[in-house]
Amino acid sequence: MGVRNKFGKGIYLIASVAIGLCLCHDKLRKKDEVFNKQWTLMSKQTRPTKQRKSVALLIETSNAYARGLLEGIVEYQLQRDSWSVFLPEQERGATPPRWLRSWRGDGVIARIETAEIARCISRLDLPVVDLSSSRRVSDIPWVETDDQAIAALAFEHLVERGFRHFAFCGPKGFNWSTWRMGHFVAQCQNAGLKCDCFQTESPFSKAPNKTSKLANLEAWLTKLPKPLGLFCAYDIQAQIVLDTCRNLGLPVPEQIAVIGVDNDPLLCDLSHPSLTSVAPDARGAGFHAAQLLDDLMNGCVDNGVTSQLMKPLGIVQRQSTDITAVSNSHIADAIRFIRNHACDGINVGDVLKHIHLSRRSLESQFLHETGKTPHDMIASVRMDRAQRLLQQSELSLDEIAQHAGFEHTEYMSVVFKKRFGISPGRYRRQVK
């Protein structure tokens, strides 16, 4: 009996120990699982982050177009947050910074406008995107304005105001100025019209003194046929022309209507009268250049010659072209009526009621004076209004269509895309 009791107690003890070992093993296994999960999580958290690319921006901050380029690059960087950016403070055509010669970065976006900058860039064994039309380094990608589209917009704007005499003024030594002049002259010639041209000295050249240059400009402006539509290569040139006209006593826009390029708000609004200007898509150009450089640095595209010409956003009209230069009093009256009431939902029938001409007579005389039909001008004024509201307001597309005189938002979108090659929503995202 005692042996059986001792044997039973022994079996109980062994079973208890076994159960205890199993429980202990289970606890240890669970602890191992928890530890492994924690280690995996910590490993993920402490894993080295992707190294940022070092990018140098050789872009001046002294003019509106260059600042727009930088805004586009900033927009791209905020979306990706993958660069460390070096932006030296410099003016247009400035000497490249000394540190660039020995810089160990990953890529460069530059405005290569002088031989010195070109030599420095050519020595770098790095991806580079050029934002200048100078093309001093011919074997790298570049992004620039569509100067043909800019010239076409300026010509159309002046023709709509009834001008039949045209002129161009811009500096020598810049491709963008030369190209804008050539395309503007071609627009005039295609319409059977003449264009007088005047090229000023490049800001980078050792030119005669300022008094001599102004005297030449004054003589040219004085002898031009009037009334005249004058297209200037950029806003700074246009401001100089406006000051010269004021000194000569030439009324703007009554005798000379002036339009510039860049839509620099400071220059345009401080000019007297305020300056009408073509708005280039500088922000879009900067964004596209940043995207292109990122692809080059990541090996997604070849570092070959590719180009992207950015179409302008449109024209911002101010006082310097707020005129109707039409000798036919009936058509001048019709144009004023259209500009004042196009966004009220009028049609050609309303114009006929206002000027008391037959439809056939109105159509033929209007086409002769402006190169457009009354219907085309009504649509153009509405589009200009829609464009300004997209740029300057937070109104919905439905509200913009209503303010611009369109009965249906869908129709406004179709007309807008046909004219500007982009939908209203996408256009707003680009300019905001």
Taking the range 286-321 and keeping residues of a type in the set (Ser, Thr, Tyr) and surrounded by 17 or more Cβ atoms within 10 Å (Cβ to Cβ) leaves Ser320, Thr321
Only one of (1) among the polar types (S, T, N, Q); (2) modelled with pLDDT of 95 or more; (3) more than 30 Å from Phe420 (Cα to Cα) does not apply to Gln148, and that is (3)
Within the range 158-185, residues being in a strand (DSSP E or B) and crowded, with 22+ Cβ neighbours inside 10 Å number 5
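Every residue, every condition in (1) farther than 17 Å from Gly68 by Cα; (2) small (Gly, Ala, Ser); (3) crowded, with 22+ Cβ neighbours inside 10 Å, yes or no:
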{"site": "Arg98", "(1), (2), (3)": "yes, no, no"}
{"site": "Thr114", "(1), (2), (3)": "yes, no, no"}
{"site": "Leu126", "(1), (2), (3)": "yes, no, no"}
{"site": "Ser132", "(1), (2), (3)": "no, yes, yes"}
{"site": "Asp139", "(1), (2), (3)": "yes, no, no"}
{"site": "Ala151", "(1), (2), (3)": "yes, yes, yes"}
{"site": "Glu156", "(1), (2), (3)": "yes, no, no"}
Note to self: Would you confirm, using the coordinates I've provided, whether Arg283 is among the charged types (D, E, K, R), surrounded by 19 or more Cβ atoms within 10 Å (Cβ to Cβ) and in a helix (DSSP H, G or I)?
What the structure shows: yes
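Taking the stated definitions as given, is Lys372 farther than 16 Å from Phe337 by Cβ and either in a helix (DSSP H, G or I) or modelled with pLDDT under 90 (or both)? Don't jump to the end; show me each part of the working.
On the way: farther than 16 Å from Phe337 by Cβ: no; either in a helix (DSSP H, G or I) or modelled with pLDDT under 90 (or both): yes.
No: the conditions fail for Lys372.
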Here the qualifying pairs (Cβ atoms under 7 Å; residues six or more apart or on different chains; first in the range 390-412 and in contact (Cβ under 8 Å) with a residue 24 or more places away in the chain; second of a type in the set (Ser, Thr, Tyr) and in a helix (DSSP H, G or I)) come out as Leu390/Tyr427; Leu397/Thr409
In the range 52-62, residues that are touching an Asp or Glu at 6+ places or on another chain (Cβ under 8 Å), in a loop (DSSP other than H, G, I, E, B) and among the β-branched types (Val, Ile, Thr) total 1
Residues in the range 246-278 that are of a type outside the set (Ser, Thr, Tyr), in contact (Cβ under 8 Å) with a residue 60 or more places away in the chain and surrounded by 22 or more Cβ atoms within 10 Å (Cβ to Cβ) total 10
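Just to be sure, is Gln391 assigned to a helix (DSSP H, G or I), touching a strand residue (DSSP E or B) at 6+ places or on another chain (Cβ under 9 Å) and not hydrophobic (A, V, I, L, M, F, W, C)?
Working: assigned to a helix (DSSP H, G or I): yes; touching a strand residue (DSSP E or B) at 6+ places or on another chain (Cβ under 9 Å): yes; not hydrophobic (A, V, I, L, M, F, W, C): yes.
So Gln391 passes the test.
Name the residue that is modelled with the lowest pLDDT, counting only residues in the range 394-432 that are of a type in the set (A, V, I, L, M) and part of a helix (DSSP H, G or I). Before you say what the answer is, go through the steps one by one.
First, pick out the residues of the range 394-432 that are of a type in the set (A, V, I, L, M): 395, 397, 400-401, 404, 412, 414-415, 422, 431.
Then keep just the ones that are part of a helix (DSSP H, G or I); that gives 397, 400-401, 412, 414-415, 431.
Details: Leu397: 95, Ile400: 95, Ala401: 95, Met412: 95, Val414: 94, Val415: 92, Val431: 72.
Among residues in the range 394-432 that are of a type in the set (A, V, I, L, M) and part of a helix (DSSP H, G or I), the one modelled with the lowest pLDDT is Val431.
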Scanning the range 339-394 residue by residue, those over 31 Å from the mean Cα position of the chain (by Cα) and charged (D, E, K, R) turn out to be Asp350, Lys353, Arg359, Arg360, Glu363, Glu369
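Restricting to the range 63-91, give me the number of residues that are outside any loop (DSSP other than H, G, I, E, B) and under 22 Å from Glu113 (Cβ atoms).
Step one: of the range 63-91, the residues outside any loop (DSSP other than H, G, I, E, B) are 64-80, 83-86.
Among the residues that remain, those that are also under 22 Å from Glu113 (Cβ atoms) are: 64-74, 85-86.
Qualifying residue count, the range 63-91: 13.
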Note: among Ser102, Ser134, just one is of a type in the set (S, T, N, Q), out of contact with any strand residue (DSSP E or B) (no Cβ under 9 Å at 6 or more places or on another chain) and under 29 Å from Thr178 (Cβ atoms), namely Ser134
| said: Going by what's in this entry, would Ala238 be described as exposed (fewer than 14 other Cβ atoms within 10 Å of the Cβ) and of a type in the set (A, V, I, L, M, F, W, C)? | reply: no
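The values are calculated or read from the model by the stated rules, or taken from the named source; none is laboratory data. Small disclaimer: the values here were computed from a predicted structure and weren't measured. Note that we place each Cβ from the backbone using ideal geometry, even for glycine, and neighbour counts take in every protein chain shown.
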